[in-house]
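Read the structure below first, then the notes.
The values are calculated or read from the model by the stated rules, or taken from the named source; none is laboratory data. No experiment lies behind these values; they were computed from the predicted model shown. Neighbour counts are summed over all protein chains in view; Cβ atoms, including those assigned to glycine, are modelled from backbone coordinates with ideal geometry.
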Amino acid sequence: MTANNLREQISQLVAQYANEALSPKPFVAGTSVVPPSGKVIGAKELQLMVEASLDGWLTTGRFNDAFEKKLGEFIGVPHVLTTTSGSSANLLALTALTSPKLGER
């Protein structure tokens, strides 16, 4: 069995898991848990997460490259850079805004 065959099998199993584990359940007052957030994750999202994990790229890589490209097109700018967290984004912004390369402000 090849690595690509195994990836396909894993993807199919993830879809089966998602359909079973993440399918909407009927609400039962007093019993059902009401989630604190509104995240919605389906089979496709789980499959892409697993695919990124199998690639070994959890924070960057081909999915991030595609996202940056599409985001740049959407907002009409030639360059986009994502960060791994809001804290990293804040540090990057502060560093850029206080750069001596900007000259007098």
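Restricting E73, E68, E104 to those that are over 26 Å from E8 (Cβ atoms), at pLDDT below 90 and not assigned by TED's automatic domain parsing to the domain that holds A3 reduces the list to E104. All conditions in (1) hydrophobic (A, V, I, L, M, F, W, C); (2) within 21 Å of G86 (Cβ to Cβ); (3) within 14 Å of the chain's Cα centre (by Cα); (4) part of a helix (DSSP H, G or I) hold for F74, with the sole exception of (3). Which members of segment 29-71 meet the condition of being among the hydrophobic types (A, V, I, L, M, F, W, C) and assigned to a loop (DSSP other than H, G, I, E, B)? Hits for segment 29-71 are A29, V33, V34, V40, I41, W57, L58. Only residues that are small (G, A, S) and exposed (fewer than 12 other Cβ atoms within 10 Å of the Cβ) were counted across segment 39-76, and they come to 4. Residue under question is T84, and the condition is that it be surrounded by 12 or more Cβ atoms within 10 Å (Cβ to Cβ), in a loop (DSSP other than H, G, I, E, B), within 21 Å of the chain's Cα centre (by Cα) and not small (G, A, S); does it hold? Here the answer is no, as T84 does not meet what is asked. Looking at M49, is it closer than 22 Å to T84 by Cα, of a type outside the set (S, T, N, Q) and modelled with pLDDT under 95? Yes, satisfied.
For segment 13-38, the set of residues classified as surrounded by 10 or more Cβ atoms within 10 Å (Cβ to Cβ) and more than 25 Å from M49 (Cα to Cα) consists of S32 only.
Determine whether Q16 is in a helix (DSSP H, G or I) and without any contact (Cβ under 8 Å) to a residue 12 or more places away in the chain. Against the criterion (in a helix (DSSP H, G or I) and without any contact (Cβ under 8 Å) to a residue 12 or more places away in the chain), Q16 qualifies.
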